[in-house]
Amino acid sequence: MFTFHFSADSTKRFWRCVTRSCRCRLHTDVNDVIVNRLGHHTHGSDAAGVEVAEIKANTKRRAVDTMELLSQIRNQAVRFTGQSVQGQMPSISATKRFMQRARAQNEAPLPTPTDLASLIVPDQYNSNILHPTSTNYSYSEIADKPIPIA
């Protein structure tokens with residue numbers, strides 16, 4: 001199994017084996033077509049390790065894309081896996097930590113505004129809200145004048 005190592009320019013990608021002691025490397029183009037293969041694997045294959053890596057990638061993606069509980073995401077991901085895969089899975093606390101980091105990275109906090117003019121409201125929150133008097137006010141209108149209370 002290979003992991004992306006770095007890209008020297010926009011035409012080549014460099015990959016290395018996930019086993020650090022293995023000297024096997026790949027060079028691919030931007031379409032992931034193998035251009036050059038250096039060395040041979042010095043170890044056997046690990047099918048369970050490949051499945052663990054796939055589960056980790058899927059749980060990270062689900063943690064970022066959904067607001068499900070982290071424990072629920074992990075439990076659903078490993079529910080139908082074999083014992084060899086479950087034995088190689090990271091601990092529950094480690095799994096929760098990498099999912100929390102993925103969520104935090106995706107939801108980076110906005111900078112604190114110094115005044116009202118520098119306040120940036122993300123588009124997902126910049127929508128009309130319904131006031132109890134059935135009058136729609138947008139956030140920009142709320143910032144400019146007080147909301148009448150019925």
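For the stretch 71-83, a residue qualifies if it is in a helix (DSSP H, G or I) and either within 13 Å of the chain's Cα centre (by Cα) or loosely packed, with under 14 Cβ neighbours inside 10 Å (or both), and the qualifying residues are Ser71, Gln72, Asn75, Gln76, Gln83. Scanning the stretch 8-28 for residues that are surrounded by 13 or more Cβ atoms within 10 Å (Cβ to Cβ) and assigned to a loop (DSSP other than H, G, I, E, B) returns Lys12, Val18, Thr19, Cys22, Arg23, Cys24.
The residues on offer are Asn31, Asn36, and the sole one that is farther than 30 Å from Pro122 by Cα, of a type in the set (S, T, N, Q) and either in the same structural domain as Ile120 (by TED's automatic domain parsing) or part of a strand (DSSP E or B) (or both) is Asn36. Can you name the condition, by its number, that Phe80 falls short on among (1) under 26 Å from Phe2 (Cβ atoms); (2) free of Cβ contacts under 8 Å to residues at least 24 places away in the same chain; (3) not aliphatic (A, V, I, L, M)? Checking Phe80 against (1) under 26 Å from Phe2 (Cβ atoms); (2) free of Cβ contacts under 8 Å to residues at least 24 places away in the same chain; (3) not aliphatic (A, V, I, L, M), the one that fails is (1). Any chance the stretch 45-61 includes a residue that's part of a loop (DSSP other than H, G, I, E, B), of a type in the set (Val, Ile, Thr) and at pLDDT below 90? No, that holds for no residue.
I'd like to check something: does the stretch 93-101 contain any residue that is loosely packed, with under 11 Cβ neighbours inside 10 Å and assigned to a loop (DSSP other than H, G, I, E, B)? Looking through the stretch 93-101, none of the residues is loosely packed, with under 11 Cβ neighbours inside 10 Å and assigned to a loop (DSSP other than H, G, I, E, B). Within the stretch 102-121, work out how many residues are touching a helix residue (DSSP H, G or I) at 6+ places or on another chain (Cβ under 7 Å) and either exposed (fewer than 10 other Cβ atoms within 10 Å of the Cβ) or polar (S, T, N, Q) (or both). Within the stretch 102-121, residues that are touching a helix residue (DSSP H, G or I) at 6+ places or on another chain (Cβ under 7 Å) and either exposed (fewer than 10 other Cβ atoms within 10 Å of the Cβ) or polar (S, T, N, Q) (or both) number 2.
The values are calculated or read from the model by the stated rules, or taken from the named source; none is laboratory data. Just so it is clear, the model here is predicted, and its values are computed rather than measured. As a convention, Cβ positions derive from the backbone with ideal geometry for all residues, glycine included, and neighbour counts pool all protein chains shown.
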